[in-house]
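Each remark here refers to the structure printed beneath this line.
The values are calculated or read from the model by the stated rules, or taken from the named source; none is laboratory data. Please read these numbers as outputs of a predicted model, since none were measured by experiment. In this analysis, Cβ positions are derived from the backbone assuming ideal geometry, glycine residues included, and neighbour counts consider all displayed protein chains.
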Amino acid sequence: MSTVLVVEDESAIAELIAINLRHGGYEVRQAANAEQAQAALAGVLPDLVLLDWMLPGESGLQLARRWRADPRTRALPIIMLTARAQEDDKVAGLDVGVDDYLVKPISPRELLARMRAVLRRRAPQALDEVVAVGSLRLDPAAHRVVYEGRHGALALRLGPTEFRLLHFLMANPQRVHTRAQLLDRVWGDHVFIEERTVDVHVKRLREALVPAGCAWRIDTVRGVGYRLLDDADDQSLARL
């Protein structure tokens, strides 16, 4: 379930948005001003922020600019909500790096659609959509990984961490990820564990993929990290 931080100072609007998001299957956190929003980000980062422009004290625009300048929150998906409908205002919002800009009043259906689009672009692994690479299919909602071979489907047994790791790698095939990046995206950026922990779980993930003959897909890039190979790669060259 994706987590959304709603930063809105008008309590009635914030609650209405929260109700619609919960009905849409999201977990909701709320903040009424920049200080509360900043405090909310001190823990585990949300998957997306709905940010009102007109906040008391520091504006949403200033807050978005600050988040984009911070390496920890630079990639945080942000949708700005505002009553400002002038083109110059939209340009100002987009120029600070927000992912989308919606003018109030907002249709709940359009809001949910825009959120899905932003999450799909910025964090596909956060969605409950089935991902597939070759004959491997991973269903996040059912917490199920299946290998669809010539002789039928084979359900694979993965631990929760190995499942999240495979989900992230399958959502980003061929891209090389450092151990630090994997710790950030799979374990969470607020969890302090050694980078070598990643190696242990990669080994377990490969072992879980052995029954399907897919351990070769988890490729070690020496001195860098790991990536998931797709069918374009020659299995004979893959490192187990």
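Considering region 125-144, the residues that are among the β-branched types (Val, Ile, Thr) and without any contact (Cβ under 8 Å) to a residue 60 or more places away in the chain include one that is nearest to Glu27 (Cα to Cα), namely Val130. Filter region 199-236 for residues that are at pLDDT below 90 and in a helix (DSSP H, G or I); which is nearest to Ala40 (Cα to Cα)? Taking the candidates together, the pick is Gln235.
With respect to Gly188, is the statement that it is at pLDDT below 85, in the same structural domain as Arg222 (by TED's automatic domain parsing), loosely packed, with under 15 Cβ neighbours inside 10 Å and at positive phi true? For Gly188, the condition - at pLDDT below 85, in the same structural domain as Arg222 (by TED's automatic domain parsing), loosely packed, with under 15 Cβ neighbours inside 10 Å and at positive phi - is met.
For region 96-152, the set of residues classified as of a type in the set (Gly, Ala, Ser), assigned to a loop (DSSP other than H, G, I, E, B) and at pLDDT 85 or above consists of Ser107, Gly134, Ser135, Ala142, listed by residue number. Looking for something surrounded by fewer than 17 Cβ atoms within 10 Å (Cβ to Cβ) and either part of a helix (DSSP H, G or I) or more than 21 Å from the chain's Cα centre (by Cα) (or both) - is there at least one such residue anywhere in region 73-82? Within region 73-82, not a single residue is surrounded by fewer than 17 Cβ atoms within 10 Å (Cβ to Cβ) and either part of a helix (DSSP H, G or I) or more than 21 Å from the chain's Cα centre (by Cα) (or both). Looking only at residues that are crowded, with 17+ Cβ neighbours inside 10 Å and more than 17 Å from the chain's Cα centre (by Cα) in region 153-178, which one is modelled with the lowest pLDDT? Only one residue tops the list, namely Leu158.
If you check Ala18, Ala12, Ala34, Ala40 for being small (Gly, Ala, Ser), assigned by TED's automatic domain parsing to the domain that holds Met115 and over 24 Å from the mean Cα position of the chain (by Cα), only one passes: Ala12.
Among the residues making up region 22-49, a single one is touching a residue at least 60 places away in the same chain (Cβ under 8 Å), within 19 Å of Leu111 (Cβ to Cβ) and among the aliphatic types (A, V, I, L, M): Leu48.
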